[in-house]
1. At pLDDT 95 or above and out of contact with any Asp or Glu (no Cβ under 6 Å at 6 or more places or on another chain), is that true of S212?
2. Where residues in segment 210-220 are assigned to a helix (DSSP H, G or I) and of a type in the set (G, A, S), which of them is least open to solvent (accessible area, probe 1.4 Å)?
3. Could you please let me know if R207 is modelled with pLDDT of 95 or more, touching a Ser or Thr at 6+ places or on another chain (Cβ under 8 Å), under 14 Å from F271 (Cα atoms) and open to solvent by 70 Å² or more (accessible area, probe 1.4 Å)?
4. Within segment 97-202, which helices (runs of 4 or more DSSP H) (wholly inside it) include 1 or more residues that are crowded, with 17+ Cβ neighbours inside 10 Å and either modelled with pLDDT under 95 or in contact with a Ser or Thr (Cβ under 8 Å, 6 or more places away or on another chain) (or both)?
Amino acid sequence: FFPRFEFDMASRNSGAMLRRAAAGAARHGWGWVGTAPALPPRISEGVFGSAGWDATHASSLSARGMKIYTRTGDKGRSSLFNGARRRKDDAIFDCLGAIDELNSQIGLAKEHILEAAIDDGLVAGRLDQIQCRLFDIASHVATPPTSEGGEEEAARLVRTAVDPAWVTELEGWIDALDKTLPPLKNFILPSGGVPSAALHVSRTICRRAERSLVSLTPAPSDTPEAGPSSPEVGPASPEAGPASPEVGPAGHAGLDPAAGAFLNRLSDYLFVAARYSAMQSGVKESIWRKP
């Protein structure tokens, strides 16, 4: 993830600035995916940031003319990729924060796996790939469509699109790991050694990130499931409002269903990866027993 840059929205259309950012990311190994960044150097204060960058990083970045801090977010507002300024407690930033937290926890779980020397290529490397996918999904969340449209916005939406193949890939990984595990005959508790427990924590954060994502979905899309007579979302309900795809400032009308499907499947993958790590560690999982 990017260090704490405040993206200068006055120059956000500058190709030269993005090229410099891409070059800087490549030099520092910041996990840039593809040949061009999906996000500008600084999407939101504290969302993709890291407060722990030392003076060496700060001085080297400042030497390239990209400051670590700009004070533009000091009043509680920050910018999305489309240039819109929103409060930092906006639901989109909340979702981005949950995805960032999930990514960080997966990174910690991966380090526990490597430190325990239990990796056989079936988990740690895939966690690294998952972290990149989460970065891409955060890019998608940070790019809601605007009413203006235009070629520039169309290009941004294409660049931050979510590939449904990522979900299919996760399903293949889940099936491959599940075949190696003993059948589940009891509810298990988060346990099985440090790597396994860390993956269980990742799983729970993933569920929260998914809930945050769902909260951005326009309510009318839920109407077919609730039924026309539902007092909560039915057409006669004063709370439901008009059946319009538009959403308020806290919503996101352009979310790809594949993003939610990915997070939903990811929590399943983290569950089987936790069980697999417990097996690789030789640590018995604790099972639920009624007191």
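The values are calculated or read from the model by the stated rules, or taken from the named source; none is laboratory data. These figures come from a predicted structure and were not determined experimentally. Every residue, glycine as well, gets a Cβ built from its backbone with ideal geometry; the counts of neighbours run over all protein chains shown. Heads up: the accessible areas ignore ligands, DNA and RNA and are worked out on the full protein's heavy atoms, side chains in. Shrake-Rupley method; radii C 1.70, N 1.55, O 1.52, S 1.80 Å.
1. Against the criterion (at pLDDT 95 or above and out of contact with any Asp or Glu (no Cβ under 6 Å at 6 or more places or on another chain)), S212 does not qualify.
2. Of the residues in segment 210-220, the ones assigned to a helix (DSSP H, G or I) are 210-214, 219-220.
Those still in the list that are of a type in the set (G, A, S) too: 212, 219.
Numbers: S212: 14, A219: 54 Å².
Restricting to residues being assigned to a helix (DSSP H, G or I) and of a type in the set (G, A, S), the top hit is S212.
3. Values: modelled with pLDDT of 95 or more: yes; touching a Ser or Thr at 6+ places or on another chain (Cβ under 8 Å): yes; under 14 Å from F271 (Cα atoms): yes; open to solvent by 70 Å² or more (accessible area, probe 1.4 Å): yes.
Taking the combined requirement at face value, the residue satisfies it.
4. Numbers: elements: 124-141, 151-159, 165-178.
It comes to 124-141, 151-159.
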